[in-house]
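Note sheet for the following structure.
The values are calculated or read from the model by the stated rules, or taken from the named source; none is laboratory data. Computed from a predicted structure; not experimentally measured. Positions of Cβ are backbone-derived with ideal geometry, glycine not excepted, and every protein chain shown enters the neighbour counts.
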Amino acid sequence: MGSAPLTDGHWVMSIAGHRLPDKELIGGKAWSIARMGTLGLPVPPAFVVTTRACIAYLETGAFPIGLVEEIAAGIAWLESETGRHFGSGPRPLLVSVRSGAPISMPGMMDTILNLGINDATEQLLAADCADERFARDTHRRFIELYASIVLKVESGALGNAEDLTSWREAIAAVAGAPLPVGVVEQLHGAVRAVFESWNSRRARRYREHHGIPHHFGTAVVVQAMVFGNLDEQSGTGVLFSRNPVTGERSVFGEFLPKAQGEDVVSGRHTPLPFAEMRNHTPDAFAELVRAAELLERVNGDVQDIEFTVERSRLFLLQTRAAKRSPLAAVRIAAEMVREGIAEPDSVFAKLTSEQVRHVLSPRLPGGIANSAVILARGEGASAGIGCGVVVTDPDEAETRAHNGEDVVLVRATTSPNDIHGMIAARAIVTEQGGATSHAAVVGRALGRPVIVGCGVGTVLPLAGRMVTVDGGSGVIYADCLQLLIPAEDDDAALADLLRWAELRSPVKVVAAPPPHAPVFDLDAVDGVVDPDNLRRSLSGVEPGTALHGHVLSSETAVAACVDAGATLLIANPRLPVLLAAIRAAADRSADNPKDPQR
């Protein structure tokens, strides 16, 4: 409706699309909404409770002074933007309450949809949309999410009753407190829950694995709801501007008609391929493809876009740099440089030596795969090969992996609570879900082979068997099969990246010792895994000595060699070590901008 922008307070800021606030203050989700707004793309109006407020809350366990009033001002602004009213009619305003950390942590924290509904607003919503069943379904969805996330009541405790009064009674009995009827109380409870999810076990494990600082806190995005479950011309989905599994330059994603976003990411529903969206809402489909191309170009990276279509009208809810399989990361990095979308320095800042090592990891020879026993099939969601014994419990996976076993985690569908088992596993397999489910997205980020959607009852019975998982083809084979080791010079993308990396690396990396050069075995150093000890050991090594050892598979060891002034390393493959050296030099320059050696 074009009202005046929300006046920013100390704790709450507008996301009006006219500027881009600091991402560390408003989080990646709010920043992406603001970014899309500046480009004129369709986004529902929203405001953000900043990470500053989260940090203050986590320090004291209470809302800081002034936050309640600033949230109220934000809601009043949403009302003026939408022409709807929070908790009243004639057209009720419902909102989503979503986490948004400064660094993307997909699936790690909490989201509550349809907040603002109670018995009175359900009737108003039914009259506004002329659909009582939609209004009741929306109310049911809210109760289920709020009970689970805020009141910590598992959905199984609610039973199968359609009577929402029975649900409320069950919630009160389990939680020891009733589900709030007042919409303001609902909102405050949801904001608290999102704040507290920052320190959940799964979120902390994810940050520790990815090296994300614990002190950032999360922002909270409060956004006007749009309804993908409203009618047959509505739906929701996730779109990648390039294929995150293979790296192919074509849009890739999934669409679920007459559904909300949680239906897709939960893995409880198997969505349609993205191309099917053209048949349901052709105009929204075309608009979304154009938006994906624009967002990739202006952000210089592959985009992961969440969207909703309400009565054929497209709304973009979030965009971020897409998590991708290591194979896709390599191909995308090379092609974006060739296409002029990105420079080598920028892709090297994102591409990790671990991703390249994964691409160069063993794979199945064709003959072996053709003769092997196939146990199950599903959708390949993250390429790579993983071998191990099937376990179905994430705690067991973590324990057995810690004891030196190779394990494959098999679940009906994963949730954020399974993250520790997913980190421990050589591969991940689920019976349900699609290529944008939790298992697929998180598995790709972890660099694990992932197969999803194998079918109910197909893979859980494999518990205890040795299997080989091919995350590219989506096939699970019996036993641990013989594997093939690829070479970096045989792949066009790796060869290009290798050439560009050699021009930018602070050290030379060779596959074999050069003639007549002195060689120093790093593995012979006592305590070589300690970077400080490694630096001390290298202080007496003659300049120009070639360094080699298995320890160079560690980025920290390569960084220690760079810091010690090494000029020649021996490693095969070379590209992962070159990338680690480039990253170490960049980090050193960032820490010491006036370093005379740079």
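Using the structure shown, decide if Val238 is touching a helix residue (DSSP H, G or I) at 6+ places or on another chain (Cβ under 9 Å) and either surrounded by fewer than 19 Cβ atoms within 10 Å (Cβ to Cβ) or not assigned by TED's automatic domain parsing to the domain that holds Thr270 (or both). No, not satisfied.
Table: residues versus (1) among the polar types (S, T, N, Q); (2) out of contact with any His (no Cβ under 8 Å at 6 or more places or on another chain); (3) under 22 Å from Asn114 (Cβ atoms).
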position	(1), (2), (3)
Lys258	no, yes, yes
Arg278	no, yes, no
Thr281	yes, yes, yes
Val289	no, yes, no
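If only residues of segment 93-120 that are in a loop (DSSP other than H, G, I, E, B) and polar (S, T, N, Q) are counted, the one that is modelled with the highest pLDDT is Asn118.
It is to be established whether one or more residues within segment 317-325 are under 30 Å from Leu360 (Cβ atoms), at pLDDT below 95 and either part of a helix (DSSP H, G or I) or of a type in the set (Asp, Glu) (or both).
Taking segment 317-325 and keeping what is under 30 Å from Leu360 (Cβ atoms), we get 320-325.
Next, only the ones that are at pLDDT below 95 stay: 320-325.
Filter again for either part of a helix (DSSP H, G or I) or of a type in the set (Asp, Glu) (or both), leaving none.
No; the residues of segment 317-325 include none that is under 30 Å from Leu360 (Cβ atoms), at pLDDT below 95 and either part of a helix (DSSP H, G or I) or of a type in the set (Asp, Glu) (or both).
Being β-branched (Val, Ile, Thr), over 21 Å from Glu555 (Cβ atoms) and part of a strand (DSSP E or B) is a property that does not hold for Val337. Restricted to segment 273-311, and to residues there that are among the acidic types (Asp, Glu) and assigned to a helix (DSSP H, G or I), the residue that is modelled with the lowest pLDDT is Glu276. Quick one: which of Phe255, Phe285 is in contact with a Phe, Trp or Tyr (Cβ under 9 Å, 6 or more places away or on another chain), crowded, with 17+ Cβ neighbours inside 10 Å, without any contact (Cβ under 8 Å) to a residue 12 or more places away in the chain and under 27 Å from Gly380 (Cα atoms)? It is Phe285.
Once segment 190-201 is narrowed to residues that are of a type in the set (Gly, Ala, Ser) and under 18 Å from Arg52 (Cα atoms), the residue that is surrounded by the fewest Cβ atoms within 10 Å (Cβ to Cβ) is Ser197. Pairs linking a residue in segment 159-185 that is surrounded by 15 or more Cβ atoms within 10 Å (Cβ to Cβ) and modelled with pLDDT of 85 or more to a residue that is among the hydroxyl-bearing types (Ser, Thr, Tyr) and not in a loop (DSSP other than H, G, I, E, B), with Cβ atoms under 9 Å and 6 or more positions apart or on different chains, are Ile171/Tyr146; Leu179/Tyr146; Pro180/Tyr146; Val183/Thr121.
Can you find, within segment 401-412, the residue that is farthest from Arg357 (Cα to Cα) among those that are surrounded by 19 or more Cβ atoms within 10 Å (Cβ to Cβ) and touching a residue at least 24 places away in the same chain (Cβ under 8 Å)?
Restricting attention to segment 401-412, the residues satisfying the condition of being surrounded by 19 or more Cβ atoms within 10 Å (Cβ to Cβ) are 401, 407-411.
Okay, now just the ones that are also touching a residue at least 24 places away in the same chain (Cβ under 8 Å), so 401, 408, 410-411.
Numbers: Ala401: 20, Val408: 20, Val410: 24, Arg411: 27 Å.
Step by step, filter segment 401-412, then rank; the result is Arg411.
Here are Glu293, Glu343, Glu339: which of them is in contact with a Ser or Thr (Cβ under 8 Å, 6 or more places away or on another chain), farther than 16 Å from Ile33 by Cα and surrounded by fewer than 23 Cβ atoms within 10 Å (Cβ to Cβ)? Steps first, answer last, please.
Numbers: Glu343 fails: in contact with a Ser or Thr (Cβ under 8 Å, 6 or more places away or on another chain); Glu339 fails: in contact with a Ser or Thr (Cβ under 8 Å, 6 or more places away or on another chain).
So the residue among Glu293, Glu343, Glu339 that is in contact with a Ser or Thr (Cβ under 8 Å, 6 or more places away or on another chain), farther than 16 Å from Ile33 by Cα and surrounded by fewer than 23 Cβ atoms within 10 Å (Cβ to Cβ) is Glu293.
The residue that is surrounded by the fewest Cβ atoms within 10 Å (Cβ to Cβ), counting only those in segment 87-96 that are of a type outside the set (D, E, K, R) and either farther than 10 Å from Ala224 by Cβ or more than 33 Å from the chain's Cα centre (by Cα) (or both), is Pro90. From the residues in segment 26-35 that are of a type outside the set (Phe, Trp, Tyr) and farther than 20 Å from Gly228 by Cα, which one is surrounded by the fewest Cβ atoms within 10 Å (Cβ to Cβ)? Only one residue tops the list, namely Arg35.
Would it be correct to say that Ala177 is part of a loop (DSSP other than H, G, I, E, B) and either more than 30 Å from Ile423 (Cβ to Cβ) or over 22 Å from the mean Cα position of the chain (by Cα) (or both)? Criteria met by Ala177.
Looking only at residues of segment 220-267 that are among the small types (Gly, Ala, Ser) and within 16 Å of the chain's Cα centre (by Cα), we find that the one that is nearest to Ala127 (Cα to Cα) is Gly261.
Only one entry of Gly455, Gly443, Gly471 meets the criterion of being surrounded by fewer than 20 Cβ atoms within 10 Å (Cβ to Cβ) and either of a type in the set (Ser, Thr, Tyr) or touching a residue at least 40 places away in the same chain (Cβ under 8 Å) (or both), and that entry is Gly455.
So is Asp470 over 26 Å from Val337 (Cα atoms) and touching a Phe, Trp or Tyr at 6+ places or on another chain (Cβ under 8 Å) or not?
On the way: over 26 Å from Val337 (Cα atoms): yes; touching a Phe, Trp or Tyr at 6+ places or on another chain (Cβ under 8 Å): yes.
Answer is yes for this residue.
The single condition from (1) surrounded by 23 or more Cβ atoms within 10 Å (Cβ to Cβ); (2) assigned to a helix (DSSP H, G or I); (3) touching an Asp or Glu at 6+ places or on another chain (Cβ under 6 Å) that Ala135 fails is (1).
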